[in-house]
Amino acid sequence: MKIDFINAFNEVLCSVFLKECHSKFPQIFKWVNFCYSQHSLLFFGNHTITSQAGVQQGDPLGPFLFCLVLQILVNKINQEIPSLSLNSWYMDDGSLFGSVPDVLQAWDIIKETGSELGLFINSQKCELILPGGHLDCFSIESSIIRVTGCNMDILGSPIGSKVHCESWVSQKLLKKLPALLDGLNRLDHLQSSFLLLLFCASFCKMVWYIRTIPPELIADSCSQFDISVIQEFEFLIGHGLPPHSILQAQLGTNLGGLGLRSPTTLAAAYISSFFSSKVLAELFLGKEISNSFIQASLSSFNSLVDPNSLLSMDSPIADQNLLSSAIDQQSLKSLMTDLNALDKARLLSCGMPHANAWIRALPFGSNKLSCLEWQICMKRWLGIAIFENDFCVQFAKNK
């Protein structure tokens with residue numbers, strides 16, 4: 001069962017988190033008490049409103065103070081229902097898993113005790129997940145969303161079959177992507193459009209999904225996303241990209257690329273995410289966890305890297321940047337073997353220190369390029385001909 005509260009951060013009782021802070025963290029209590037013991041004033045026209053509940057927006061201590069209150073609820077559930085299989089929370093997003101009686105009892109505790117803390121159930125956003133498909137087994141509010149089967153989502157990431165995961169990512173991301181890219185196309189400055197594509201509408205849009213969903217379950221969505229990003233870049237430079245230019249564009253800028261990373265090489269992200277969180281997850285759950293998808297991800301990663309970078313279940317797992325760098329290095333090596341001498345020299349020059357600085361430079365002052373200047377620079381960078389006969393005529397005559 002997934003739990004959601006109504007406006008949780010703004011409703012939690014100040015008196016409760018002040019008491020908890022005084023009891024558990026006396027070192028910072030004086031400061032917290034100074035910030036929250038008196039009601040702050042909110043001004044709206046000629047009206048003055050006192051802010052009497054909740055943590056202040058923008059307060060770095062806000063999430064911490066909220067969790068102090070939530071912990072009371074979590075502890076009560078753990079104490080009264082020790083047989084509950086899962087009682088986990090990420091701030092105000094809760095997940096309960098267990099038998100029907102245990103979950104029902106936890107639900108009653110949340111409703112009763114939560115209201116005393118300023119935490120009120122938002123039943124219309126709660127979800128009751130029933131893997132067995134028996135919708136009538138719960139005597140619970142009818143306004144709660146019922147989900148049957150094993151397909152669901154938690155914290156913005158789908159869990160279940162490949163069809164479900166592909167559909168979920170498509171619905172949340174791919175169907176919204178065309179409108180976003182169309183907005184970039186309507187800007188009147190190509191350099192700015194590219195930077196927005198790079199930093200706001202390309203790989204960064206997929207990071208959460210490729211770190212939390214097994215690669216094989218969203219391979220089609222990643223491929224479609226990859227195609228959309230490359231097509232948008234082609235539109236900006238006004239030219240289609242040959243295969244070697246696409247590979248270069250997907251490299252990191254330190255290797256002569258553009259940083260338009262491909263989510264299709266997403267095994268690095270998933271492997272890093274799983275192993276970096278495995279110890280904490282096992283500590284949290286109190287048991288060893290297994291992952292039936294991780295071996296396939298390791299095999300996928302190993303097919304993309306140099307033999308010296310191969311991973312196994314027993315390998316010390318590096319962070320995502322290092323694993324992605326290993327893929328980039330092998331991609332660059334493969335790319336170099338397919339280029340002629342002129343393009344090899346060009347690509348090596350692109351990877352020299354500071355050669356890529358212009359790519360990510362903010363379009364301000366002398367760094368601002370006209371649309372034509374930017375297109376020419378990009379084509380030269382990627383080895384794309386600017387003219388039909390892209391060579392020096394005078395040089396050809398003298399030769």
- Task: Considering the options Phe225, Gln38, Phe66, tell which one lies farthest towards the positive end of the dipole of the chain, charges being +1 on Lys and Arg and -1 on Asp and Glu at the Cβ, about the Cα centre.
- Result: Phe225
- Message: How many angstrom lie between the Cα centre of the stretch 290-319 and the Cα centre of the stretch 186-217?
- Response: 25
- Message: Can you compute the charge dipole magnitude of the chain about its Cα centre, using +1 on each Lys and Arg Cβ and -1 on each Asp and Glu Cβ, nothing else charged? Give it in debye, rounded to the nearest 20.
- Response: 1140
- Query: Please state the equivalent ellipsoid semi-axes for the chain: what are the square roots of 5 times the Cα gyration tensor eigenvalues, largest first, in whole Å?
  - Reply: 50, 28, 20
- Note on the structure: Applying the gyration tensor rule to the Cα atoms of the stretch 167-220 (axes a ≥ b ≥ c; rounded if a/c under 1.5, else prolate if a/b exceeds b/c, else oblate), the class is prolate
- Inter-part distance where the stretch 234-259 and the stretch 73-149 are each reduced to a Cα centre, Å: 49
- Checked against a 18 Å limit on the C-alpha separation, the offending pairs among Lys2/Lys125; Lys30/Lys76; Lys162/Lys205 are Lys30/Lys76; Lys162/Lys205
- Item | the stretch 259-361 - charge dipole about Cα centre, Lys and Arg +1 at Cβ, Asp and Glu -1, debye rounded to 20 | 300
- Between Asp226, Asp314, Asp108, find the one with the highest GNM mean-square fluctuation for the chain; connect C-alpha pairs within less than 10 Å. Asp314
- Note down the accessible area of Cys150, probe 1.4 Å, to the nearest 10 Å². 90
- Message: Using a Gaussian network model on the chain with a 10 Å cutoff between Cα atoms, which of Ile159, Ile140, Ile359 fluctuates the most?
- Response: Ile140
- Task: Could you pull out the trypsin sites (Lys or Arg not before Pro) across the stretch 178-238 that fall in loop regions by DSSP (anything but H, G, I, E, B) with no more than 16 other Cβ atoms inside 10 Å?
- Result: Arg186
- Computed [θ] at 222 nm, deg cm²/dmol, the chain (DSSP H ≥ 4; -39,500 (n - 2.57); rounded to nearest 500): -15500 deg cm²/dmol
- Task: At most 15 other Cβ atoms within 10 Å plus a DSSP loop assignment makes a site exposed; report the longest stretch of the chain without any exposed GluC sites (Glu not before Pro).
- Result: 142-287
- Fluctuation leader among Ser40, Ser115, Ser325 - the chain, Gaussian network, Cα springs under 10 angstrom: Ser40
- Task: Tell me, rounded to the nearest percent, the portion of alpha carbon pairs in the stretch 283-329 spaced more than 15 Å apart.
- Result: 51
- In the full protein assembly as shown, how much of Leu362 is accessible to a 1.4 Å probe, in Å² to the nearest 10? 130
- Task: Would you mind telling me the share, in percent, of accessible area of the stretch 188-305 contributed by carbon and sulfur at probe 1.4 angstrom?
- Result: 59
- Item | Partner aspartates and glutamates for Lys278 [C-alpha distance under 17 Å; skip if fewer than 8 residues away on the same chain] | Glu288, Asp314, Asp319
- Item | Karplus-derived HN-Hα couplings along the stretch 114-124 (A = 6.51, B = -1.76, C = 1.60, θ = phi - 60°), whole Hz, x at Gly and Pro | x, 4, 6, 9, x, 10, 10, 4, 9, 4, 6
- Query: So what's the angle, to the nearest 10 degrees on a 0 to 90 scale, between helix 219-237 and the longest Cα principal axis of the chain?
  - Reply: 50
- Task: Would you please name the chymotrypsin sites (Phe, Trp or Tyr not before Pro) within the stretch 339-391 that are DSSP coil residues with at most 16 other C-beta atoms within 10 Å of their C-beta?
- Result: Phe364, Phe387, Phe391
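The values are calculated or read from the model by the stated rules, or taken from the named source; none is laboratory data. Bear in mind that the values here come from a model prediction, so they are computed numbers and not experimental data. Quick reminder, even Gly has a Cβ in these numbers, built from the backbone with ideal geometry, and neighbours come from all protein chains shown. Just so you know, the surface numbers come from the protein's heavy atoms only, side chains and all, with ligands and any DNA or RNA stripped out. Shrake-Rupley method; radii C 1.70, N 1.55, O 1.52, S 1.80 Å.
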